[in-house]
Each structure stands twice: as structure tokens, then as C-alpha cells.
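The values are calculated or read from the model by the stated rules, or taken from the named source; none is laboratory data. Keep in mind it's a predicted model, so treat the numbers as computed, not measured. Here the Cβ positions follow ideal geometry from the backbone for every residue, glycine too, while neighbour counts run over all protein chains shown. Please note that ligands, DNA and RNA were not included when accessible areas were found on the heavy atoms of the full protein model with its side chains. Shrake-Rupley method; radii C 1.70, N 1.55, O 1.52, S 1.80 Å.
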Amino acid sequence: MYSSAQKGKPSAFDSIQHVDEVVVLSKLSYREVIPSHTMKGEELERLNSHSIADALRYFAGVQLKDYGGVGGIKTINIRSMGSQHLGIFYDGIQLGNAQNGQIDLGQFSMDNVEEISVYNGQKSAIFQPASEFGNAGSVYIRTRRPRFSDGEHTHLKMKLKYGSSDMLRFSSLWEQRLSETMSSSVGAEVLTSSGKYKFRYRRYQADGSLAYDTTATRRNGDIWALRAEGNLYGALPQGGWNVKAYTYHSERGIPGAVVNNVWRRGERQGDHNTFMQAGLTQDLGQRFTTRWMVKYAYYQTHYVNRDPKTMLVDNTYRQQELFISSSNVYEILKSWSASIAYDFKWNKLNADMRLFAYPHRFSNMISLATAYNRPWLNVQGSVLATFVKDHTRTLNDQPSVHALTPALFFNVFPLKNKTFSMRAYAKRNYRMPTFNDLYYTDMGNALLKPEVALQYNIGAVYDWNAPRSGRSRTFAPSHFRLQVDAYYNTIHDKIVAYPKGQQFRWTMLNLGRVHIKGIDVETEIAVQPTKELTLSGRLQYTYQDARDVTDPADTYYRHQIPYIPWHSGSAILGMSYRQWDLNYSFVYAGKRYNQQENIDYNYMPAWYTSDLSLMHRFQWAKTRWKATLEVNNLLDQQYDVILNYPMPGRNFAISMEVEL
């Protein structure tokens, strides 16, 4: 939070800066067994990313569902497990959506994000809330925290961005040092766009003959959005605390699927999402640390469909969530620690629909975990007990549900310098059906079974950094990292949601059983041939075989599940010279199918995009400036991520940022 006190004047705060991180990470027994995949700092800045979802495309094993345009809904899942198995954490506390279990990451801006981390299985650290042990994968989003040099008390950052589709985005951030042990930050962002872009629409009949081939303009994809966030950070002797208030308001059009040469629909959606959260971390003695968290969230969605060719709809959905967590860790021995955590969560959903069930859910979670850490071996074991009870106003209450989800993680370092490691984990995962799955009027399925997943992973990492002393200015790498993971997942009673007619409505199915086999490969390299020139590269490749193995009598038995490509990957290449940064990024998704049957009619071809950005930093009038020019989809690739939701072609953006 602060870098130092005034020169020559020692402060008690000097020894506890970044308290909530140092307390945890400085103790060997609390470290992660399997490190995360992370992107942060300037690497995130150089990406042509409008939202967090765009940045997550560059992580291995991540699949993105993107409905197109600046305001299009964007959701992700990891290793074909489904969005509901993925936990998304914003500054340490999970984002919730009991209605459909999906987080629209398009609602979160990249302008204030400092680090994004992706974990497979779960975050393998024992000092965390109980609910974090229940995810099949996790994404941690960490926003920027105030850091002040000697004599600094105020930071101000403003950014203006204009681009294709009449997109205009303005954001600002104000950071203030309030005292030696307290600071604050306030950020706001406004986004507006017409959402219009040209696309080519080409579809074929079942016999292979051409049905349509034309160029049109995407309409009804406009958006107006306001995001605001305030934070307080404080330090305590041997501890720290933080408070966050967040609000997001948007009005957007939903252009809908392009079907049978129909280009425009009358759907609209308004979102008003607000939450407040707080956390406290405190050391009690040399061996015991406790952390308390609390969050209240209120989400309102207003969905309107006035298209005369479909059923007229005007519905408002209101969600509430209360979350309380207590996590505690004790260092039994220098290399052995144990933790216990308890979480309580209450979710409620109201709507003005006819015959709505008005569900609310009580969830109690308790976890026990232990970790053993030596220089050559890290081991962690955990078990999570979950107890869930649903109540409704109009239906018979569902019976109570309980489940145990154990996990075991290993990481071995055979070399003394720890440049090479081998890791493995096995985990059982469980997730309840969402309120939409169970109770959505005319579409919910109260007979849906909960999903149960088993995850197995084995992998290796080689991570090397050149010594700082005597480092020669050649094309020899200054940093190299190679990471390979092979995994096998099984999901029983897998629930799949498909868009049906309108974008906001879904139909729910139990696929039964899915087997997922895959390989993730990631590599990073950095070269510094001169003091002023740095070259960097990041490549990732994913192979996934995700097949429905429910019933041999089904026509789609052992077929790849919808929207999962066998091959996908990405590349980021960067060059920095003095105050200039040139960045090229590439994303590829192979062939896949949009329905359960892998037949020609459901086939979707591979797609790829190339993005290019040029950034220049300079100082003027004691302020720091940054100008950026972006060209996205450089080769004007025409493609759909979701069938009949065309993505933008070549588009441009220019931005200017100033820091005081």
C-alpha cells in the first residue's frame, strides 16, 4: 500500500506494508502447492482487451463464449467443465450469480486490473475461504492498490478511448494517502457504443447448397454502461483490512441470433449490479492467522422483448446474496500447517413472472485442510463439506443436499535450484443446479440432478531466469518457462444450457456423463539483446477431447460436446524499445460442433484473429502520458464463436492515458 515512510523517520508501518499479502505469503507453510497461471502489469496493458474476458483468451484450457460486439455477453469455462464449475474472485471474494451461475465478464473493465490468475482444480493454498475449495477452476482478478513514494499523497489517472462501432470509453482513478496506515482509491468508467459493425452472413442447406451469402450491419447492439468502485485499505499491527463498494449500471440492446435472414430483434436488457465487501486479516501470535470476510450483493436484470415475431416479454429479476466467511490457519511445525474455514451464503431470487417459484437457498460450507512443505516437496490435502437447502414459495421444497469434496495436491522439486518441478492432483467437485436450471418458468427442470466431477492432473514446469550478475547483452534468453499439463476429467449428470430463441433464455438438459481428456502447453520467453530493447513471447496450446458417453444408444454417443474445439491456442509477441511498445496477439479455435450430434449440418469451422497494438509513453509538464493505437482482427476474419452471433471484422481503437 505504501512504499516507505519519510526518509530518516522510521514508521511502524514500514514493517507491515502489504500486510494482507505478506502475512500469508511470507510463511512457507501457507504457500501455494501448484502456482497459478498469471498475467499482470505491462503484459496486460499491451493486450487489445476491452474486458477481462478478452484477456482470459490467452490462458491455456480456457474457452470463451462471446456473443459479439462491445456490449455482447461474455462468459468462460475452464477445461470444458462448464461456467458454473468456475469460481471468479474479485479482490479476494467470489462473484455470485445464483440465477444462472454465469458471470458476464464484459461488465468488468481492464483499466484498473493489476493481475489476473487462473488456477486449475482450485487455488492450492490452505488459507482461504471454505467455498474456494469447491471450484473446479478459479480466476482471481486483483485490482490496482495505492502505492506511494516518499512525499506522495495523491495519484490521479485518466484514460479516454475511442474506437469502431462508435465506442467511447472514459475512465478515471483517484488514489489518496489518508494517513500512515490508510489509503483510498475511487474509480469510475463510462462506456457508450452504437454496437454497429458489418459482417458477412453465409449459410448452407443440409445438402451443402448455399442458402444465404450477403453482407449486413449488426444492429441493436448498442450499450451505455457506468461502473464505479471505491476502496479503503488499512494496516494494523500484524494485520490489515479493506472495504470495497462496487456498482455497475448498463442498458444494452441484444441483437439476437441471425436466423433465416432476420437481422434485427427487439430485445433489450438493463443491469443494475451493486455489492459491498470487506475483509480483515490478523496474526494472533507467531503461529495463528485468521481472516474474516463479508459481502452483500444486489443484482437486478430487466429483460424486454418487443419483437412482434416472438413472444412479448417484459420481466425483472432481482437477486440478493449475503456471504460471511471465517478462515483460520495454524502452523503446527515449521513445515506443517492446518486450516479450518466456515462459509455461510444466502441467495434469493425474485421475479415478476407468472407462476414464479421465488426460490431462496441457504448454503453452509466447512473445510479442513493441511499442508506439508519442504524445499523439495509440497503436499496439500483438503476436504470440503457442503450443505444446501432450497425453499420456494409455490413448489414443494427440495430435500436438503450435502456433499463431500476431497482434494490432494503434490509438487516435487527434484533439482536444488527449483528450476524444474513435477506436480499432480486429484479432486472431486460438486455443484448444485442454478435457480434457472431448477425453477425457471416453463424452462426450468426441477428433476435435474447435481453435477459431480472428478479431476486428475499431472504436469511439469521448467522455469529459468538468467543471473543478473554478468548477464550478457545477446539474444540468449533472460527468462524461459515451459509448462505442460495432462488431465482427465469425468462429469456425471452434466447440465448444459443452450441459447433458445432469445439470448437471455435457456433450455436445460442433463447430458449424463462426459469424459474430458486434454493437454495444456504454455511457454514464455524474454530476450534483452540491449539495455533499451526487450523481446518477449508467450505461446499456449490446448488439446481437448470432451465426449458425451451417457448412452451407447444415443446418436451422439462419444461425440464431442457442443462448442468445444479439439485444438485451440494463442500467441503474444512483444517488443519494447525505449518508450515504444509493439505487441502482436493471435487467438485460434479449431473446428467444433454447435449441437450434440457431430454431423455436417452442426459443423462450425475454425476461426482465428490477429490483433496489433502500438504504444508510446512520454512525459510532459510533470505528467506521464501513454498513447495507444489498436487494430483488432487485423485480417478481417469473419467468424462466429456462438452459432448465428457474428463477431466484428477488422476494427480500430485509439486511446490516451495520463497519470498525475
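Legend: distances between Cα atoms for Lys159/Lys198; Lys196/Lys626; Lys198/Lys309; Lys65/Lys196; pairs beyond 22 Å are Lys159/Lys198; Lys196/Lys626; Lys198/Lys309.
Expressed as a fraction of 2.2 N^0.38 Å, the value expected for a compact globular protein of N residues, the C-alpha radius of gyration of region 135-276 is 1.56.
Out of region 364-444, which chymotrypsin sites (Phe, Trp or Tyr not before Pro) are coil in DSSP terms and have no more than 15 other C-beta atoms within 10 Å? Can you show the working numbers first?
Working: sites: Tyr372, Trp376, Phe387, Phe409, Phe410, Phe420, Tyr425, Tyr430, Phe435, Tyr439, Tyr440; in loops: Trp376, Tyr440.
For chymotrypsin sites (Phe, Trp or Tyr not before Pro) across region 364-444 that sit outside H, G, I, E and B with at most 15 neighbouring Cβ atoms in 10 Å, the list reads Trp376.
In whole Å and largest first, what semi-axes does the C-alpha gyration tensor of the chain yield when each eigenvalue is scaled by 5 and square-rooted?
Working: eigenvalues 277, 196, 146 Å².
Here the semi-axes work out to 37, 31, 27 Å.
Amide H to amide H, with H built 1.01 Å from N, Asp636 comes under 5 Å of Arg650, counting only residues 5 or more places away or on other chains.
Of all lysines in the structure, the ones whose alpha carbon falls short of 25 Å from that of Lys345, not counting any fewer than 8 places away in one chain, are Lys123, Lys244, Lys295, Lys389, Lys427, Lys449, Lys494.
What are the trypsin sites (Lys or Arg not before Pro) within region 270-371 that DSSP puts in a loop, where the Cβ has at most 12 other Cβ atoms within 10 Å? Walk me through the numbers on the way to the answer.
Working: sites: Arg287, Arg291, Lys295, Arg306, Lys309, Arg318, Lys334, Lys345, Lys348, Arg354, Arg361; in loops: Arg287, Arg306, Lys309, Lys334, Arg354.
For trypsin sites (Lys or Arg not before Pro) across region 270-371 that sit outside H, G, I, E and B with at most 12 neighbouring Cβ atoms in 10 Å, the list reads Arg306, Lys309, Lys334, Arg354.
Express the carbon and sulfur contribution to the solvent-accessible surface of region 235-350 as a percent, rounded to the nearest whole number, probe 1.4 angstrom. Roughly 62 percent of what the probe reaches on region 235-350 is carbon or sulfur.
Each peptide among 214-221, 641-648, 119-126 gets the average number of other Cβ atoms lying within 10 Å of its residues, and from highest to lowest they stand as 119-126, 641-648, 214-221. For Ser80, the amide hydrogen comes within under 5 Å of the amide hydrogens of Gln63, counting only partners 5 or more places away or on other chains and with H modelled in the peptide plane. Looking at region 208-285, the accessible area is 39 square angstrom per residue; that uses a 1.4 Å probe and ignores ligands, DNA and RNA.
What length, rounded to one decimal in nm, is gained on full extension from Phe387 through to Arg306, with 0.36 nm per residue of separation minus their alpha-carbon distance?
Details: separation 81, 0.36 × 81 = 29.16 nm, distance 4.13 nm.
The Phe387-Arg306 span can extend by a further 25.0 nm.
Computed with the Debye formula from one identical point scatterer per Cα of region 74-225, without solvent, the log10 of I(q)/I(0) at q = 0.09, 0.15, 0.17 Å⁻¹ comes to -0.49, -1.03, -1.12. Between region 399-417 and region 605-660, what's the alpha-carbon centroid distance in Å? About 39 Å separates the Cα centre of region 399-417 from the one of region 605-660.
Using a 1.4 Å probe on the protein chains only, how many percent of the accessible area of region 105-192 belongs to carbon and sulfur? Show your work: numbers first, answer last.
Working: 1630 of 2800 Å².
Carbon and sulfur: 58 percent of the exposed surface of region 105-192.
Our note on the geometry: Cα centres of region 202-218 and region 310-378, 46 Å apart. Leu284 exposes around 100 Å² of accessible area when a 1.4 Å probe is run over every protein chain in place.
Start at zero, step by 5 Å, and the Cα-Cα distances of region 338-405 spread as 4, 14, 18, 15, 13, 10, 8, 7, 5, 4, 2, 1, 0 percent across the bins. Using a cutoff of 8 angstrom between alpha carbon atoms and counting only pairs six or more residues apart, the relative contact order for region 583-650 works out to 26 percent.
Quick check: at a probe of 1.4 Å, how many percent of the accessible area of region 522-582 sits on carbon and sulfur atoms? Walk me through the numbers before you get to the answer.
On the way: 1730 of 2920 Å².
In region 522-582, the share of accessible area belonging to carbon and sulfur is 59 percent.
When nucleic acids and ligands are ignored and a 1.4 Å probe is applied, Met81 ends up with an accessible area of around 0 Å². Farthest towards the positive end of the charge dipole of the chain, among the residues Val118, Ser165, Ser335, is the Cα of Ser335, using unit charges on the Cβ of Lys, Arg, Asp and Glu. Remark: region 231-385 projects, on average over all directions, an area of 14.8 nm² (convex hull of Cα atoms).
Where does each of 97-105, 197-205, 226-234 land if you order them by average Cβ count within 10 Å, highest first?
Working: 97-105: 22.0, 197-205: 15.9, 226-234: 18.4.
Ranked by mean Cβ neighbours within 10 Å, highest first: 97-105, 226-234, 197-205.
Based on C-alpha pairs under 8 angstrom that are at least 6 apart in sequence, region 289-346 has a relative contact order of 35 percent.
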